[in-house]
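Engineer: Got a structure for you, questions after.
The values are calculated or read from the model by the stated rules, or taken from the named source; none is laboratory data. Source: prediction; values computed, not measured. For neighbour counting, all protein chains shown are included, and Cβ atoms are generated from backbone atoms with ideal geometry for every residue, glycine included.
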Amino acid sequence: MHHPVSRLLAVAAATLLLGEAVAYKYHKRQSDNETEFVIPGASSYNGLNLVPQMGWNNWNAFHCDVNETLLLTTAQDMANFGLRDLGYNYIVLDDCWSIGRNASGYLVENPEKFPSGMKSVVDRVHALGFKFGMYSSAGVLTCGRYPGSLGHEKADADLWASWGVDYIKYDNCFNQGQSGTPKLSFDRYKVMSDALNATGRDMVYAMCNWGNDDPYDWAYRIANSGRMSGDIYDSFNRPDARCPCTEAIGCAWPGFHCSVMNILNKMPAIQSRTMSGYFNDMDMLEVGNGGQSDSEYVVHFSMWAMNASPLLIGTNIGTLSPANLAIYSNPAIIALNQDPNANAAVRKWRYFVDPDETGEGEISLWTRGMDNGDKVIALLNAANTTMMMNATMNDIFLDERTAGAYREPVQLRTTWDVYDLWANRMSEEEASSILNGNGTTMGRNVTTPTRYNATALSYEDGLANNNTALLGVKVGTIEPSGTFSAEIARHSVGVYRLRPQPTGSLRKRDEL
Ligand code: GAL
């Protein structure tokens, strides 16, 4: 049984027992007349991808220039550099891999790019400890004008399952006008969802419809992630007419050439539509591709992690610089992304301070609750000068403060320890030595401030044990009703994990 219906029912029952009001939808499965529950935010329609997928995708760096050697050497390098064991465990092959269909209607891989055959490539990627992802489009052609899967869903899903594929990225080009309403897009994307499920093989379904037709209302029902913007390009904040929308809602033409800040600022409105098993995909990472400064790449990586976006490395691993390895390898930031609470961040405020020619001089405060009761804050300075930035307890806990009839929430009466999650960034020397093949394998009981092996010890368990690599460095405390201040350089971010001090050290009783 592919669908864990009984598990979903158990989740529903447990949630009701906990006394939480849940709204759930159900429908009758036409095939077997079973009732299937899908509770938004509580689980996944197919039980997969309960935290955001991580891995590597060739598109941003290589576009159509793909072949089996690239995939296999990338996988080997990622294992050697510790990236696989940080959680980057999908190798995803994007567009341009096929040459057409055979007489039986099955897609055929390009034999010049994949001389061993795709099945053999998948097997060898699996043998290196990775899962394998592939690409097609819910259209007659892919965006690169290779054969698409519209009308061939069953044959294509069966073929991928027979190859041992674990993940399908499903694009939106050449859809023959079958878009423009949520119903048209839902129906078209659901055909592949059903075909993937019918194979009986677990395959993560990564929709890539760029946020068309309000997928925030329906995609969690049929997919494991969904792109929420037009394509990223390697720019921090440059506006581009080909990416016309500044908001996710009602964006009729998502386009492409969307900057990091453009995509980021589309996220707050759809914050509630990120959930365990369905993540809003902010697109593949550009860190390492050369269009942004080091601190801008730190913003890009941090804010994708804060917002529970899939983290797919989009650069050439073979030429990765020490600085970029250090960014991709920060376990304290990855742990935010992989937190089981599976929420996106809330943008608590945004001020325009010194607009430059891009019109985007702005600062903002983002917060996110963690499963263990920690709170994470990001002070983002996208303006052009260094700023002293303040996060007040009232702003950090705005939601708790406004949750009902006024009663000071416990968070405002708590003293919080503040940990800087970038303070332990791996040095260039250490990163160079790993890139030069001198990295040591990390075991379950090895702790260093800079390196982590999530294959050996999950992020959840590491956090429960206060693993130093996940906590960064303590830089202060926030007293009840206090304010945390930090100087943040231009185009930079400070990311801090707030951890409540034990209840015994609550507010000091100064009357005694
Ligand atoms: C775009 C998609 C990109 C990439 C490209 C391939 O539509 O958003 O991520 O897959 O097609 O042609």
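Listed here are the residues, each with its yes/no results for (1) touching a residue at least 40 places away in the same chain (Cβ under 8 Å); (2) within 26 Å of residue 473 (Cα to Cα); (3) outside any strand (DSSP E or B).
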| site | (1), (2), (3) |
| --- | --- |
| 336 | yes, yes, yes |
| 355 | no, no, yes |
| 364 | no, yes, no |
| 371 | yes, yes, yes |
| 407 | no, no, yes |
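Engineer: Select from the stretch 48-85 the residues that are part of a loop (DSSP other than H, G, I, E, B) and farther than 22 Å from residue 305 by Cα and write down the one among them that is farthest from the ligand (Cβ to nearest atom). Quick ask: steps written out before the conclusion?
Structural biologist: From the stretch 48-85, those part of a loop (DSSP other than H, G, I, E, B) are 48-53, 58, 63-67, 81-82; that's our starting set.
If we keep only those that are farther than 22 Å from residue 305 by Cα too, we end up with 63-67.
Details: 63: 8, 64: 8, 65: 12, 66: 11, 67: 16 Å.
Step by step, filter the stretch 48-85, then rank; the result is 67.
Engineer: Out of curiosity, is residue 136 within 16 Å of the ligand (Cβ to nearest atom), touching a residue at least 24 places away in the same chain (Cβ under 8 Å) and closer than 29 Å to residue 87 by Cα? I'd like the intermediate steps shown before the answer.
Structural biologist: Details: within 16 Å of the ligand (Cβ to nearest atom): yes; touching a residue at least 24 places away in the same chain (Cβ under 8 Å): yes; closer than 29 Å to residue 87 by Cα: yes.
Criteria met by residue 136.
Engineer: Can you name the number of the only condition in (1) part of a loop (DSSP other than H, G, I, E, B); (2) farther than 28 Å from residue 502 by Cβ; (3) modelled with pLDDT under 95 that residue 448 fails?
Structural biologist: Condition (2) is where residue 448 drops out.
Engineer: Answer yes or no: is there a residue in the stretch 106-117 that is within 16 Å of the ligand (Cβ to nearest atom), assigned by the TED database to the domain that holds residue 66, assigned to a helix (DSSP H, G or I) and in contact with a helix residue (DSSP H, G or I) (Cβ under 7 Å, 6 or more places away or on another chain). Don't jump to the end; show me each part of the working.
Structural biologist: Step one: filter the stretch 106-117 for residues within 16 Å of the ligand (Cβ to nearest atom), giving 107, 110, 113.
Retained after the next criterion (residues that are assigned by the TED database to the domain that holds residue 66): 107, 110, 113.
Subsequent filtering for residues that are assigned to a helix (DSSP H, G or I) retains none.
There is no residue in the stretch 106-117 that is within 16 Å of the ligand (Cβ to nearest atom), assigned by the TED database to the domain that holds residue 66, assigned to a helix (DSSP H, G or I) and in contact with a helix residue (DSSP H, G or I) (Cβ under 7 Å, 6 or more places away or on another chain).
Engineer: Also, quick follow-up: Give the stretch 95-145 a look and list any residue that's under 27 Å from the mean Cα position of the chain (by Cα) and among the aromatic types (Phe, Trp, Tyr), or say none.
Structural biologist: The answer is 97, 130, 132, 135.
Engineer: Condition first: outside any helix (DSSP H, G or I) and either at positive phi or hydroxyl-bearing (Ser, Thr, Tyr) (or both). Now tell me which residues in the stretch 245-278 satisfy that.
Structural biologist: First, pick out the residues of the stretch 245-278 that are outside any helix (DSSP H, G or I): 245-259, 265-267, 274-278.
Matches in the stretch 245-278: 246, 250, 255, 257, 259, 274, 276, 277, 278.
Per-residue answers, yes or no, for (1) within 16 Å of the ligand (Cβ to nearest atom); (2) within 20 Å of residue 439 (Cα to Cα); (3) surrounded by 24 or more Cβ atoms within 10 Å (Cβ to Cβ); (4) outside the structural domain of residue 377 (by the TED database):
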site	(1), (2), (3), (4)
283	yes, no, yes, yes
286	yes, no, yes, yes
290	no, no, no, yes
293	no, no, no, yes
301	no, no, yes, yes
310	yes, no, yes, yes
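Engineer: Let me ask something else about it. What residue, of 202, 217, 187, is surrounded by fewer than 17 Cβ atoms within 10 Å (Cβ to Cβ) and touching a Leu at 6+ places or on another chain (Cβ under 8 Å)? Break it down stepwise before answering.
Structural biologist: Numbers: 217 fails: touching a Leu at 6+ places or on another chain (Cβ under 8 Å); 187 fails: touching a Leu at 6+ places or on another chain (Cβ under 8 Å).
On inspection, the qualifying residue turns out to be 202.
Engineer: Oh, and also: Restricting to the stretch 146-173, give me the number of residues that are more than 25 Å from the chain's Cα centre (by Cα), away from the ligand (no atom under 14 Å from the Cβ) and in contact (Cβ under 8 Å) with a residue 12 or more places away in the chain.
Structural biologist: Here the count works out to 10.
Engineer: Another question, if that's okay. Mind listing whichever residues of the stretch 62-84 are surrounded by fewer than 22 Cβ atoms within 10 Å (Cβ to Cβ) and either of a type in the set (A, V, I, L, M, F, W, C) or not assigned by the TED database to the domain that holds residue 208 (or both)?
Structural biologist: Selection gives 62, 64, 66, 70, 72, 79, 81.
Engineer: Okay, moving on. Being of a type outside the set (Phe, Trp, Tyr) and surrounded by 15 or more Cβ atoms within 10 Å (Cβ to Cβ) is the filter here, so list the residues in the stretch 94-107 that pass it.
Structural biologist: Step one: of the stretch 94-107, the residues of a type outside the set (Phe, Trp, Tyr) are 94-96, 98-105, 107.
Hits for the stretch 94-107 are 94, 95, 96, 98, 99, 107.
Engineer: Further, regarding this structure: Considering only the stretch 174-216, state which residues are free of Cβ contacts under 8 Å to residues at least 60 places away in the same chain and at positive phi.
Structural biologist: Answer for the stretch 174-216, where residues must be free of Cβ contacts under 8 Å to residues at least 60 places away in the same chain and at positive phi: 174, 176, 177, 180, 210, 211, 213, 214.
Engineer: Here is a follow-up. Which residues, taken from the stretch 108-141, are charged (D, E, K, R) and surrounded by fewer than 16 Cβ atoms within 10 Å (Cβ to Cβ)?
Structural biologist: 112, 119, 123
Engineer: Does the stretch 195-223 hold any residues that are part of a loop (DSSP other than H, G, I, E, B) and within 16 Å of the ligand (Cβ to nearest atom), and which are they?
Structural biologist: Within the stretch 195-223, the first condition is being part of a loop (DSSP other than H, G, I, E, B), and the residues that meet it are 199-203, 208-214, 218, 222-223.
Across the stretch 195-223, the qualifying residues are 208, 209, 210, 211, 212, 213, 223.
Engineer: In the stretch 478-485, is there at least one residue being part of a loop (DSSP other than H, G, I, E, B) and at pLDDT 95 or above? Please lay out each step first, then the result.
Structural biologist: Step one: of the stretch 478-485, the residues part of a loop (DSSP other than H, G, I, E, B) are 479-482.
From the residues that got through so far, the ones that are at pLDDT 95 or above too are 479, 482.
Yes; the residues of the stretch 478-485 include at least one that is part of a loop (DSSP other than H, G, I, E, B) and at pLDDT 95 or above.
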